[in-house]
Amino acid sequence: MSSSSNSSLASGLPSLQSMGESLPAVAQLTNVTRWAHAAALALLCYDTLLTFQDEVKYIWSMNLSIIKVFIYGNRLLSFIVILIYVGPMVSLDRSSTNQYCQGIFIVTGVCFTVSFAMTNWIMLGRTKALLGGNRLYDTLLGIFYFGVLGMSVALIIVCLDSFISKTYYWPLLNMCGIVSRSKIT
């Protein structure tokens, strides 16, 4: 093990000890999480196959629109994020670095932000269609959408800024982690 791997391992242990966790318990939770990600991928594939006939009938015949782009964009982002998390489960390469984990953290944050914005835009369109063409409602919905989006982006930026320097790769478990507590109490 290299010195950087030893420091990554060492940086994770105080956090585990301060929370009263043992290495076997963390390894077990890590495996449960990995299998949950694999189940999410299987569920997404199943949902895609289940709704494929309706998609062909209703979505494929639509002219290119922002809603159509968002529907396919959301599906693509979902696959990307799930594959990012399932990847280490099937990977035999234990040479990942802290930078790799930080990159995953950033890509996931960006994907969630974009997906959240697209999903809310679709919901905004549905709500607008139900309410009709009332200018007051349209204005209030627009303000609400951009307010929620702005707060979400700000929250993600704060989280990325707070946690990016605490993100590390732990080769023993072939996983990325975030040190949440730096001192044993």
Distance in nm between pseudo-label sites at VAL69 and LEU160 (7 Å out along the Cβ direction from Cα): 2.1
query: Under a 1.4 Å probe, what is the accessible area of region 110-176 per residue, stated in Å²?
result: 64
query: Between GLU55 and ALA42, what is the spin-label point distance in nm, taking each point 7 Å from the Cα along the Cα→C-beta axis?
result: 2.0
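The values are calculated or read from the model by the stated rules, or taken from the named source; none is laboratory data. Since this is a predicted model, take the numbers as computed values, not measurements. Virtual Cβ from ideal backbone geometry, glycine too; neighbours counted across all protein chains shown. Quick note on the areas: whole protein, heavy atoms, side chains included, nothing else; ligands and nucleic acids left out. Shrake-Rupley method; radii C 1.70, N 1.55, O 1.52, S 1.80 Å.
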